[in-house]
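Chemist: Dumping the structure here so I can ask a few things about it.
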Amino acid sequence: MGGKQQDKDDEAYGKPVKYDPSFRGPIKNRSCTDVICCILFLLFILGYIVVGIVAWLYGDPRQVLYPRNSTGAYCGMGENKDKPYLLYFNIFSCILSTNIISVAENGLQCPTPQMVITSLQQELCPSFLLPSAPALGRCFPWTNVTLPALPGITNDTTIAQGISGLIDSLSARDISVKIFEDFAQSWYWILVALGVALVLSLLFILLLRLVAGPLVLVLILGVLGVLAYGIYYCWEEYRVLRDKGASISQLGFTTNLSAYRSVQETWLAALIVLAVLEAILLLVLIFLRQRIRIAIALLKEASKAVGQMMSTMFYPLVTFVLLLICIAYWAMTALYLATSGQPQYVLWASNISSPGCEKLPINTSCDPMAQPVNSSCPGLMCVFQGYSSKGLVQRSLFNLQIYGVLGLFWTLNWVLALGQCVLAGAFASFYWAFHKPQDIPTFPLISAFIRTLRYHTGSLAFGALILTLVQIARVILEYIDHKLRGVQNPVARCIMCCFKCCLWCLEKFIKFLNRNAYIMIAIYGKNFCVSAKNAFTLLMRNIVRVVVLDKVTDLLLFFGKLLVVGGVGVLSFFFFSGRIQGLGRDFKSPHLNYYWLPIMTSILGAYVIASGFFSVFGMCVDTLFLCFLEDLERNDGSLDRPYYMSKSLLKILGKKNEAPPDNKKRKK
C-alpha cells in the first residue's frame, strides 16, 4: 500500500532527480534557450526605441516646463531668455472663468491676454496692476493686496479666496526653498545615516552564521509571548464585559465597527483565534523542530556564501541603475508623446456681447502674427489654445502610450529576473563546490552574469512577459474599479473585489514560480517551461520543508529590516531633533526648518538599503535550498555519490559521507 502511494506521489510531482556523474554545479556547456521569445523581446525593444525616437522628433515638453504668452512664445527661452515670468492682463479671468485648459496637457491657460514682462511703454498694457510674486514662472498677486474697484466684479472676498487658492495650488516656493536649505545643511549627515544602515545590514547577514539559531529561537519565543499576552488581554476584557452583561444582542447590527469593542462576544472570538494560533505554533515547534533546524542550518550556510562572495551584496546597485534607466526612458518618452502636435490659435474676445463682436467667428483658428481681423471688437486677439490632435503620430498617441506602458513593465520585470538568475548562478557555484572555498570558481558573479546574458535572455523575457501580462491586467482592473466606483452596486463591488484578489494571488504565485525557475535555469541551463516544471515538482515533493524555511526566513529578515530601519530612525531622530548633546562642535546637529525631513529621508534610505541586502540574502537561501533538495535526491553519501551539503546539515539529517581510503583521493 505504501509503495503504491509513493508511486502515485511520483506520478503527481515527478520522480526524484537521478544521479549524473558529470554534474559538478552550474553547467558551463549550454545553449541558448527560448530563442523565439528572445527574438520577440529584441524586436520589441527595437520598436520601443523607435517609439522614443518618434516621440523625441514630434514632442515638445517645453509646454509643461515653461509658460507661454498669448502668441505661443515661451518665457525664459530664445528671444525671451531674460524674461522668465508670465503676466496675466486680468488675473480675475483665471479665478472666475470655468474654462481653464488642463495644466497637465497645455500648461496653465486663462481666457485673458498674457504677455512676457517687458517695460510698460507699449500701447497694449493691462488695465490695472497688482503687486505680484512669481510662482512656476507666472506672476500671481499677493493675497493681502487691496483690490481695485473693477467693473462687473463686486465680491472682493471671492477674488481674494481665488487668488489664495491659485497660490496655494501652484506655488510651493517658500516650502521648496526651506526643504532645499534643510537638505543642503544635512545631506552629509543623511549619508552617514545611510552608511550606518549599510554596515548594520551587512553585519546582520554576516553574523547569522553565529547567531541564527539563538536569534530564531528568541523570535519564535517572542511571537509565542505576544500571542500569550493577547490571550490574557482578551480574557480580561471578556471577563469585565461579561460581568457587565454587555452582549451583542443588545447592540444589534451597526456599521460603526468601534462599537463592537464594547461587547463580550468580540473579545471571546479574538481570544479563540489567538488561542488557536498559539496551539498551532506550539504543535509546529514540537513536530517540525527537525525541519526548523534544517532551515537554521541553511541560513547559516547562506551567511557563509555571502561572506565568500561579498560582491553579490552590491549587485543590487546594478539592478537599481538598470531600473532607473528603464523608468527614466519611459517617463521621457511618455512626456514627449503627450506634448506632440502643432500649436493651434483661436480668436478670443473678453466680452463677445460687446458691439462689433456679435457676428465675429469666435474660437475659430487664426494666425497670431497677423493683424486682428476686426478692430471694431474690443479685446479681440489671437490666443494659444493647445496642440493639434491631427497627424499620424497624434492619431496613434493612445496606442503608442500603451506600447510604452507595456515596455515599462516588461523591461522592469526583465531586469529583476536578470538579477535573480545572476545571483542564483553565483550562489549555486558555492553550494556545488565540494571543497570550499578552494573549488569555488574565480569571479563567480561575473561568470554568472555573462552566462545569463549570453544564453538565457529569452527565458528571462518569457518569464517577465507572463508576469507583465498579469500586472497589466491588474492595472486595467484597478482603473475600471476607480471609474465605476460611484455607480456600482454591492454585488458588483463584491465581484470586482474577487477578481482583484484572484489576480493578486496569481501574481504572487507567478513571482514565486519565476524565482525558482530562474534558479533552475542558472544551474542546468534549460528553457523556462522545463525549469519551472522541474522547480515546482521538486518543491512539491518537499512542501513541508518549503513552508518551514519560507516562514523562518521571512521572520528573520523582517526582524533584520526592523532592526536596521528602527535603529537608523531612532539615531536620526535624536540627532536631528537636537536631543543628543555633548558631541562637540564638529558633530553638532544642524539648524533645520523641518527636522523630520532628514529623519524620513534616512528611514526611507535605510529601508531601501536593507531591502537590497536582504533580497540578495533571500535569493541565496532559496538557491541553496533547491540545491540542498537536489543533493538529497541525487546523492547518497557513497564514494561515487557524496553529499555536497555542509557537515552541520549532514549531522541534522543523520547522514554522512563515506570516507575514502588513505591511498585514494576524490577526483573533481
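The values are calculated or read from the model by the stated rules, or taken from the named source; none is laboratory data. Keep in mind it's a predicted model, so treat the numbers as computed, not measured. Note that each Cβ is placed from the backbone with ideal geometry, even for glycine, and that neighbours are counted across all protein chains shown. Side chains are part of the model used for accessible areas, which takes the heavy atoms of the whole protein and leaves out ligands, DNA and RNA. Shrake-Rupley method; radii C 1.70, N 1.55, O 1.52, S 1.80 Å.
Chemist: Would you confirm whether or not region 618-635 contains a residue that is assigned to a loop (DSSP other than H, G, I, E, B) and either out of contact with any Pro (no Cβ under 7 Å at 6 or more places or on another chain) or within 22 Å of Ala522 (Cβ to Cβ) (or both)?
Modeler: Yes.
Chemist: Enumerate the pairs (first residue in region 629-640 and closer than 14 Å to Arg545 by Cα; second residue anywhere and open to solvent by less than 40 Å² (accessible area, probe 1.4 Å) and among the polar types (S, T, N, Q)) with beta-carbon separation below 9 Å, excluding pairs fewer than 6 apart on the same chain, so at least 6 apart or on different chains.
Modeler: Hits for this filter: Leu629/Asn542; Leu632/Asn542.
Chemist: Right, here's the next one. Any residue in region 297-314 that's free of Cβ contacts under 8 Å to residues at least 60 places away in the same chain: show its pairings with residues that are among the hydroxyl-bearing types (Ser, Thr, Tyr) and in a helix (DSSP H, G or I) at Cβ separation under 9 Å, as long as the two are six or more apart or on different chains.
Modeler: Every condition considered, no pair remains.
Chemist: If you don't mind, another one. Select from region 434-453 the residues that are closer than 16 Å to Cys627 by Cβ and buried (at least 20 other Cβ atoms within 10 Å of the Cβ) and list them in ascending order.
Modeler: Pro444, Ala448
Chemist: Is there any pair with a first residue in region 263-288 that is over 15 Å from Lys551 (Cβ atoms) and open to solvent by less than 60 Å² (accessible area, probe 1.4 Å) and a second that is modelled with pLDDT under 85 and among the basic types (Lys, Arg) whose Cβ atoms are under 6 Å apart and which are 6 or more apart or on different chains, and what are they?
Modeler: Between residues of region 263-288 that are over 15 Å from Lys551 (Cβ atoms) and open to solvent by less than 60 Å² (accessible area, probe 1.4 Å) and residues that are modelled with pLDDT under 85 and among the basic types (Lys, Arg), the close pairs are Gln264/Arg242.
Chemist: Return the residues of region 542-580 that are crowded, with 16+ Cβ neighbours inside 10 Å and in a loop (DSSP other than H, G, I, E, B); say none if nothing qualifies.
Modeler: Asn542 - this is the single residue of region 542-580 that is crowded, with 16+ Cβ neighbours inside 10 Å and in a loop (DSSP other than H, G, I, E, B).
Chemist: Within region 181-233, count every residue that is acidic (Asp, Glu) and open to solvent by 80 Å² or more (accessible area, probe 1.4 Å). Can you show your working first?
Modeler: Filtering region 181-233 for residues acidic (Asp, Glu) gives 181-182.
Still in the list and also open to solvent by 80 Å² or more (accessible area, probe 1.4 Å): 181.
Adding up the residues that qualify gives 1.
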